[in-house]
1. For A:K83, what charge total do you get from the other residues with a beta carbon under 14 Å from its beta carbon, if Lys and Arg give +1 and Asp and Glu give -1?
2. How far, in degrees from 0 to 90, does helix A:76-87 lean away from the longest principal axis of the Cα atoms of chain A, to the nearest 10?
3. Of the lysine pairs in chain A, how many meet both conditions: Cα atoms under 18 Å apart, and a spacing of 8 or more in sequence or different chains?
4. Determine the dipole magnitude for chain A: charges of +1 sit on the beta-carbon of Lys and Arg, -1 on that of Asp and Glu, nothing else is charged, the reference point is the Cα centre, and the result goes in debye to the nearest 20.
5. Assuming a viscosity of 1.306 mPa s and a temperature of 10 °C, what translational diffusion coefficient in µm² per second does Stokes-Einstein assign to segment A:6-100, Rh being the Kirkwood radius over Cα pairs?
6. Between A:F50, A:F69, A:F92, where does the largest GNM mean-square fluctuation fall for chain A, given springs only between Cα atoms within less than 10 Å?
7. Of the residues A:K34, A:K72, A:K22, which exhibits the maximal mean-square fluctuation in a Gaussian network model of chain A defined by a 10 Å Cα contact cut-off?
8. How high is the relative contact order of segment A:5-110? Use alpha-carbon pairs under 8 Å, at least six apart in sequence, and give a whole percent.
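Bear in mind these aren't lab numbers, they're just calculated from the coordinates by the rules spelled out. Since the model is a prediction, treat every value here as computed from it, not as a measurement. Cβ sites come from the backbone with ideal geometry, for glycine too, and all protein chains shown count toward neighbours.
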Amino acid sequence: MGQCSKFQKSIYNALLKIPQGKVTTYKILAAHLKCRSSRAVGQALKRNPFAPQIPCHRVIASDLTPGGFKGKKNGAAIRQKLKLLATEGVKFTNGHLAEPAIIWRFHQEK
DNA sequence: CACCGATGTCCAA
DNA sequence: TTGGACATCGGTG
């Protein structure tokens, strides 16, 4: 972790607060970090050297599509992401999140 | 549906 | 120190 910037530490710390079975979005996460660019968050996650110990797979896009995983926006990596999420009880149907109600918003801390 | 600009951060030269 | 590249988003045509 010594190689990580404060920004990345904040991201990883926030990720660890997401309960199993819930997901958040790049935008929500960015807002929680007081960062106006969700893109910056996505780039940090791509660089995440600790996947999947740090649950970067619990972050999806705002339109409820899976987003990316392991640097890829589609392909085997995404299938693995969906599989991981399925293991945690998060289901996707027809390419989008089945139950938007499980989206984790940081405002309630529990 | 496709394109484009705004936005914060990281990395290589 | 600087210029491009991003696991994005929202607006617009």
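1. +4
2. 80 degrees
3. Lysine pair count for chain A: 28.
4. I would put it at about 340 debye.
5. 121 µm²/s
6. A:F50
7. Between A:K34, A:K72, A:K22, it is A:K34 that shows the largest mean-square fluctuation.
8. 31 percent
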